Amino acid sequence: MGEELEAREAVRDAYEAHYRRLVAALYALTGDHAEAQDLVQEAYARALARPRQFLDVADPEAWLRTVAMNLARTRWRRRRLFDTLVRSGRVARPVESVPGVDPNRVALVAALQQLSQATRETIVLHHLADMSVHEVADALGVPVGTVKARLSRGRAMLAALLTDTEADYRAEPGAPRRRPPVLPPPQRPAQEVRDAP
């Protein structure tokens, strides 16, 4: 009984240490804060269902993240089926709204949703879960070079998507979208120009 109590305490400690970061990562991955919370809570529930096994895990945060991401993938597959039913007209899509959310966060999550799932997972784990390239490669089971390529492509795509989003916010209703102006490189002060060889 003492070992079971120790295992449950380990799950509680992991909850206090990692919950917020896991929810942030899953939110960026799914685009839905409530779903992110639900996925992370389900991961903790699975840890509580087998507390002794959780006690043997070398990296609790990585284990919880993996479980939550696998749950997200399963839901994503189910959502594809749901979307097929919506397109066929057999099911009506529910209205989505999130009150009180920062517009920048909404723009980021919307841009992340336009990336492929593999690229989105890589970006989220590296930039939002603060994992190194090697940790991301281990978590996703892909080579380090693949992670670097996904990060490079993902950053470029996000830059383009977020630039378009910024232009959308600044445009007047009915006006065509404009790209923000490109600023010229900074010029050196006059004194530095005279002192140059």
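Before moving on, here are some points about what is shown:
- Contact order relative to length of the range 1-93, as percent, for alpha carbon pairs under 8 angstrom and 6 or more apart: 28 percent
- Rounded to whole Hz, the Karplus (6.51, -1.76, 1.60) HN-Hα couplings of the range 78-86, x for glycine and proline: 5, 5, 4, 4, 4, 4, 4, 5, 5
- Among His18, His33, His134, the order by Cβ neighbours within 10 angstrom, fewest to most, reads His134, His33, His18.
- For the range 38-43, 3J(HN,Hα) per residue [Karplus equation, 6.51 cos²θ - 1.76 cosθ + 1.60, θ = phi - 60°, Hz, x = Gly/Pro]: 4, 5, 5, 5, 5, 4
- Site pair Arg153 and Asp59 shows an inter-label distance of 2.4 nm when each label is modelled 7 Å from Cα along Cα→Cβ.
- The label point for Asn104 and the one for Thr84, both projected 7 Å from the Cα toward the Cβ, are 4.1 nm apart.
- Hydrodynamic radius by Kirkwood, which averages 1/r over all alpha carbon pairs of the range 1-93, in angstrom: 14.3 Å
- Difference of contour (0.36 nm per residue) and Cα-Cα distance, His134 to Gln117: 4.2 nm
- Shown is the FRET efficiency for Arg50 and Arg21, computed with R0 = 22 Å from the Cβ-Cβ distance and rounded to the nearest 0.05: 0.45.
Rule-based calculations on the coordinates, nothing more; no lab input. This structure is a prediction, so every number in the text was calculated from the model and none was measured. Glycine also receives a Cβ, built like all others from the backbone with ideal geometry; neighbour counts cover every protein chain displayed.
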